[in-house]
Number of protein chains: 2
Amino acid sequence: VANVAVGFDILGFAIHGVGDRVTVSKDSTGRGVLIESIGGIFVDLPTDPQRNTASAALLAMIEDRRLDHGFRISIEKGIPLGSGMGGSAASAVAAVVAANRLLAEPAPSEELLAYCMVGERAASGAAHADNVAPCLYGGLTAVVASDPPRVVQIPLPPGLLNVLVHPHLEVATRDARAALRHEVPLAEAVEQSMYLCGFLAGCFTGDAGLVGGSLVDLFAEPTRSRLIPGFAAARAAALERGALGLAISGSGPSVFAWATTEPAARQVEAAVRQVFDKHALASDSWVGPINHQGAVVEPAGR
Amino acid sequence: VANVAVGFDILGFAIHGVGDRVTVSKDSTGRGVLIESIGGIFVDLPTDPQRNTASAALLAMIEDRRLDHGFRISIEKGIPLGSGMGGSAASAVAAVVAANRLLAEPAPSEELLAYCMVGERAASGAAHADNVAPCLYGGLTAVVASDPPRVVQIPLPPGLLNVLVHPHLEVATRDARAALRHEVPLAEAVEQSMYLCGFLAGCFTGDAGLVGGSLVDLFAEPTRSRLIPGFAAARAAALERGALGLAISGSGPSVFAWATTEPAARQVEAAVRQVFDKHALASDSWVGPINHQGAVVEPAGR
């Protein structure tokens, strides 16, 4: 979940229960990446190694680390494309973390981040770390420098639960980008800074109320929310059920809400899905704590 | 020192060694505020109680708390006007804190903040809390909500020393405001968010290096620094002497720099003043830790 209302292109967090799985093996026949299969919920992905995020990330790794071999990969998509759930980052991170485990000299995590960003660029044209960093490290992450990229962890109020709802409606990242203004009033940028400041102070001091009151997105939401039928009603319903706030996940159409108790989170989930139902949109949803683990390596064959 | 590079109109901190003193006594002859004298380094201030920041703040207090008396005040300015050092906020805060001590039922601090903001509006036309809050509470403060205003304290890396240099050159707040752009590119607003995020993460985790690397002002500095001869050279000199960063204090022309050791702070002070000297500008300077106390009441007659 990138952007997180107040941190356009800089904040992101990882969740449990949905993700991509990439199976990686060494290929001693060359220094390329062969995509052996793409499966799961979405199979219409580029198989050109330069354009697929997972293979593009691995090609960067092979080149940068001067590996004397390549990789074969199988991608199992669990994250729907065009959902605002960071699917391209997930595949790139999964591939890089798995491949790294196969290296005699594993790369440090900052370098893994750089490889993943190459993968992200292959998918979206821009090398943002806001999705890649939480997939790689887990938790709520902030990009605090861009060249070279630097990522820090932001703590979250204890017991925070995330509700992610994905209405079945595809919003292409490029359409979501096109919906953005090129300029914003300075007064609006300052007001957004105020909310970012409140959000971060709330995170660092464990003040869930301050975090909730600060979940305001002035940059992207006014235009992007128009691409999501029922968005305003979904937020109203979530707040009524006790959510701290609700905002667009990444470039949408998925939305996330935060709550502090399991019953509230479940009620928020039901209420938001009901709103999308009324707009004739089926949806999927995931409820749970923030994922502090990031990408994990599973034994082969699982 | 308001703005603090990354927090235009929201961040501010208090310093030691320079300030305004306001002497307040009850006036039982009415519910007005009589300015008995204005002294100190700058005496050409409005004595119309509605326009003077100290008396305007007290009039708001008298009205809101339904006091059955007024006040007589004497203002001793220590902070030069047009210096970017928050002088109008200082007088308002001093008056309100002193007057509050005279009340049978003192007002809570959030209400004092509101009165001070009325005073600030009398001076600048806008009711910002970025200068008022640190004068009132001390420390590094962030405005995280505007209606009603809410202020939080931001911790600072231990041992941080501030260097404030005031070149003798008056920049009217309205000229400094006029130097601002009305709109900023979204990409620039996002980059500024990144620096704010790094600054706050550095403050909360005690990472002085991250704080320093994040002291970047994309909103105001590009245009306002043109009003400060030698600004770029002053920063270069400060960084060369070990400063974490240097930026404009408030709307300028004063500049502040942060350092982590006393010798570095002294060298930064000397280097920055030398640059202003070269531009034929005399200057004053103050070096010391952040003031965590805010406005204090002194016994009468001191």
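The values are calculated or read from the model by the stated rules, or taken from the named source; none is laboratory data. These numbers were taken from a predicted model, which means no experiment stands behind them. Reconstructed Cβ throughout: ideal geometry from the backbone, glycine too, with neighbour counts over all protein chains shown. Calculation scope for accessible area: heavy atoms of the full protein, side chains included, ligands and nucleic acids excluded. Shrake-Rupley method; radii C 1.70, N 1.55, O 1.52, S 1.80 Å.
General observations
- Region A:180-302: C-alpha gyration tensor shape, a/c 1.5 cut-off, then a/b vs b/c: rounded
- Structure-based [θ]222 nm, chain A - -39500 (n - 2.57) summed over DSSP H runs of at least 4, per residue, nearest 500: -11500 deg cm²/dmol
- Result for chain B in a Gaussian network model with C-alpha springs under 10 Å: among B:GLY139, B:GLY84, B:GLY125, the largest mean-square fluctuation is at B:GLY125.
- Most fluctuating residue given options B:ALA264, B:ALA187, B:ALA54, as computed from a GNM of chain B linking Cα atoms under 10 Å: B:ALA187
- Between copies, B:ALA233 shows label-point distances of 6.5 nm, shortest first, with the point placed 7 angstrom from Cα along Cα to C-beta.
- The Cα atoms of region B:177-247 give a gyration tensor whose axes a ≥ b ≥ c have a/c of 1.5 or more with a/b no greater than b/c, which makes the shape oblate.
- Size of electric dipole in chain A: Cβ of Lys, Arg +1 and of Asp, Glu -1, about Cα centre, debye, nearest 20: 340
- Note on B:149-160: average number of Cβ atoms from other chains within 10 Å of each residue's Cβ is 2.
- Solvent-accessible area per residue, Å², over region A:41-87 with all protein chains present [probe radius 1.4 Å]: 43
- Fraction of the pair-distance distribution of region A:1-142 above 28 Å, Cα-Cα pairs, percent: 11
- Take A:16-24, B:292-300, A:150-158 and order them by the average number of nearby Cβ atoms within 10 Å per residue, most first; the result is A:16-24, A:150-158, B:292-300.
- Chain A - percent relative contact order, Cα under 8 Å, separation 6 or more: 23
- Exam field: A:GLU110 pseudo-label spacings to other copies (7 Å along Cα-Cβ), nanometres: 4.3
- Mean-position separation - Cα centroids, region B:175-241 and region B:90-164, in angstrom: 23
- Relative contact order for region A:158-240: 27 percent, from Cα pairs under 8 Å spaced at least 6 residues apart, divided by residue count.
- Charged-residue dipole, Cβ positions (Lys, Arg, Asp, Glu), the protein assembly as shown about Cα centre, Debye nearest 20: 40
- Each listed q (0.07 Å⁻¹) maps to a log10 I(q)/I(0) for chain B from the Debye sum over equal C-alpha point scatterers, namely -0.26.
- Shielding score for A:209-222, defined as the mean number of other chain Cβ atoms within 10 Å: 1
- Cβ-vector label at 7 Å, A:PRO158, separations to other copies in nm: 2.4
- The mean sequence separation of alpha-carbon pairs under 8 Å and at least six residues apart, normalised by the residue count of region B:4-94, gives a relative contact order of 40 percent.
- Cα-derived Rg over Rh, computed across the protein assembly as shown with Rh taken as Kirkwood radius: 1.05
- Global form of region B:72-186, assessed from the alpha-carbon gyration tensor, a/c cut-off 1.5: rounded
- Electrostatic tally near A:VAL143: other residues with Cβ closer than 10 Å to its Cβ, Lys and Arg +1, Asp and Glu -1, net -1.
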